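Below: one structure, written as structure tokens.
The values are calculated or read from the model by the stated rules, or taken from the named source; none is laboratory data. In this text, all values refer to a predicted model and were calculated from it rather than measured experimentally. Cβ atoms come from the backbone with ideal geometry, glycine included; neighbour counts cover every protein chain shown. Just so you know, the surface numbers come from the protein's heavy atoms only, side chains and all, with ligands and any DNA or RNA stripped out. Shrake-Rupley method; radii C 1.70, N 1.55, O 1.52, S 1.80 Å.
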2 protein chains.
Amino acid sequence: MPDNSTIAVDAMGGDEGLAVMLAGVARARHQFEGMRFLLVGDEARIAAGLESHPNLSQHSEIVHAPGVVEASEKPSQAMRRAKSTSMGIAIDLVKKGRAGAAVSAGNTGALMAMAKLSLRTLPGIDRPALAAPLPTLGANDVIMLDLGANTECDARNLIQFAVMGAAYARVVLDLEAPRVALLNIGSEDQKGTDVIREAAAVLRAQTHLPMTFTGFVEGDRLARGDHDVIVCDGFAGNIALKTAEGTARFVADLLKRAFSSSARSKLGFLISRPATKLLRDHLDPNNHNGAVFLGLGGIVLKSHGGANELGVATAIGNAAKLVRADFTRRIAEDLAHVEQAAA
Amino acid sequence: MPDNSTIAVDAMGGDEGLAVMLAGVARARHQFEGMRFLLVGDEARIAAGLESHPNLSQHSEIVHAPGVVEASEKPSQAMRRAKSTSMGIAIDLVKKGRAGAAVSAGNTGALMAMAKLSLRTLPGIDRPALAAPLPTLGANDVIMLDLGANTECDARNLIQFAVMGAAYARVVLDLEAPRVALLNIGSEDQKGTDVIREAAAVLRAQTHLPMTFTGFVEGDRLARGDHDVIVCDGFAGNIALKTAEGTARFVADLLKRAFSSSARSKLGFLISRPATKLLRDHLDPNNHNGAVFLGLGGIVLKSHGGANELGVATAIGNAAKLVRADFTRRIAEDLAHVEQAAA
């Protein structure tokens, strides 16, 4: 039975350094009273960093780790010395039941490999999926998965992703029956591959689960806010996610170029600054931070490597919601329901 | 031997109507001296429309067609009456050698099906690919294919797409050795599916063709301008294209919302108008219009259904460049080279 009031934090991962991680944890702590933190990493450095956060000090404990996984390190190499790294020890605390979740901003591949080896997958799950929240025009973010962990998928994988994504959306987005769609190249029933059509047929029949299957969604409607969970294989998910990121940056670059094209437009930009700041805030990845590995025997969240204090706090907050909701048990139950119905 | 100074135009297709089609053709004619047009559709209506374009009248001929393919019509249904429709007759004029290319703004599925049946595919090509130019931050557009004609592809398909896309970029973008990349979920050699890695290995060896294979490109770099041709299967291509369209509209909607959030930002917007107009012009699909079916025994271009006069002129201009370059023969030669090298 894991400790569902404690989160293990890999304090050393991330490009922004220890101070940003600690500031993010301290910020999240204010919103989640009663939550405790195990801060894993270099003991002396963490102790020094905590001097700026007396309140967090009272609600946390330092767990020393001599090593750190490097951002460029190969997962296979990192795994060999997992037990001496802050990332590996944070995951191990979940395995031992001392924490309900682990959060790291370090190397994604290494985190996935270590988490899978240590926590194992849930019954019936071959490989975990990577899910993340993305901004929309609607009232809440949309959860998209898989984002690259599984290059090729069969129908059973997609069905499991749908069930796990819906469970995640219920807890993190606070929805009763999330609207779940499959990413496809058309909205009509006969569109797409056999795998996608087969998954759609099974999902359409899952009326007993707390989710609403809404059919197929095309790439141009990902951010419209008409779906809460979007399911696809890791290849399509990676292409869609990165294309969306690249296009948003492309438009922003064009806008910057346009605004600096004349003195008049520079003036217009200065006057419009509150408006463009609104736009930036809405798209700021720090407001949508916290990718999660779904399908493991424990909760592991990946905070973006470049996340700032707000971004870290968002990821820690999502972890807190998941542990309080006893998320791993809920997902296992939902998966068992679907397997029974399909059998 | 097709008539490489004549283009057949389906004057009835498209959501914007006959007047926009004729205005677009008239506009393109100014840039391509010596080019002639066969305007296919309702004879009386075209004759009436031409009264506003005396110059185009002198360089065109009306070919009567009693029927029109509807936008919502199933391709299988449209094909049964192909010979009485403006779309089918325009394609037939290419088959008979009376025109070097056909351009239509009508139903894409019907256009593909009719073109394939009438013009056949080039030797060694199973199914044609749909290619289109997209805006970038660089000096020219990027040509992307396949955009949805082939849901699942093997390595040979991807290699053919690369060769055909490069030939298209040479003519339409006026490049000597286009930089060709494969869309993938990472840039390292071991990333992606077996199919993609196999295609990469063959393309890396094609040093005798006028193209430069640049390896893998990820979704976030499609619009950076470091590639001229991006190759993928129709599933990934459709997802990437629609996600890019959707994200650009999403950012524009957020911007609109932000600019109307206060009196101050509304004023800023008015002052910045020339800048935001620059942005709109750069992204305007009418500047990047003209998807082409590659791999057919003749040239068929699809103008966007909602294209305006400028958009139609862009598509007709691309058709003119292709017929003048004797494009179908060039593509067949390049494909034969690759097949020989691979044999």
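Here is how the numbers come out for the structure above:
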| read-out | value |
| --- | --- |
| Inter-copy spacing of residue A:117 label points, which lie 7 Å from Cα along Cα→Cβ, given in nm from shortest upward | 5.9 |
| With at most 15 neighbouring Cβ atoms within 10 Å, loop GluC sites (Glu not before Pro) (DSSP) excluded, longest segment of chain B | B:189-343 |
| Cut-off 9 Å between beta-carbons: net charge of the residues surrounding residue A:310, Lys and Arg +1, Asp and Glu -1 | -1 |
| Among B:175, B:196, B:206 - extreme Cα towards positive end, dipole of the range B:126-291, charges at beta-carbon | B:175 |
| Shape call, chain B: gyration tensor on alpha carbons, a/c limit 1.5 | oblate |
| For the range A:155-226 versus the range A:1-45, the gap between their alpha-carbon centres in whole angstrom | 34 Å |
| All lysines inside 26 Å of residue B:256 as judged from Cα atoms, apart from same-chain residues fewer than 8 positions distant | A:242, A:256, A:266, A:277, B:242, B:266, B:277 |
| Simple label model, 7 Å out from Cα along Cβ direction - residue B:120 to residue B:261, nm | 6.1 nm |
| Fraction of antiparallel bridges per DSSP, chain B only, in percent to nearest 5 | 25 percent |
| Of all DSSP beta bridges in the protein assembly as shown, antiparallel share, percent nearest 5 | 25 percent |
| Cα centre as origin, Lys/Arg/Asp/Glu Cβ charges: the protein assembly as shown dipole, Debye | 1000 debye |
| Chain A - percent of accessible surface contributed by carbon and sulfur, probe 1.4 Å | 52 percent |
| Under 19 Å from residue B:191, Cα to Cα: aspartates and glutamates that are on another chain or at least 8 residues apart | A:73, A:146, A:152, A:233, B:152, B:154, B:218, B:220, B:233 |
| Rg ratio (alpha-carbon, reference 2.2 N^0.38 Å) - the range B:126-291 | 1.18 |
| Simple label model, 7 Å out from Cα along Cβ direction - residue B:333 to residue B:137, nm | 3.7 nm |
| Distribution of pairwise C-alpha distances over the protein assembly as shown, 10 Å bins, in % | 3, 14, 21, 23, 19, 11, 6, 2, 0 |
| Charge dipole (the range A:195-319, unit charges on Cβ, about Cα centre) - positive-most of A:262, A:229, A:296 | A:262 |
| Calculated label separations, residue B:333, copies of the chain, 7 Å along the beta-carbon direction, nm | 7.0 |
| Residue B:273 accessible area, 1.4 Å probe, all protein chains in place, Å² to nearest 10 | 120 Å² |
| Cβ-vector label at 7 Å, residue A:55, separations to other copies in nm | 7.2 |
| Chains A and B, summed buried accessible surface - 1.4 Å probe, Å², nearest 100 | 4800 Å² |
| Over 24 Å (Cα to Cα) - which of B:96/B:302; A:83/A:321; A:95/A:302; B:74/B:96 fall in this group | A:83/A:321; B:74/B:96 |
| Sum of -39500 (n - 2.57) over DSSP H runs of 4+, divided by residues of the protein assembly as shown (222 nm, nearest 500) | -15000 deg cm²/dmol |
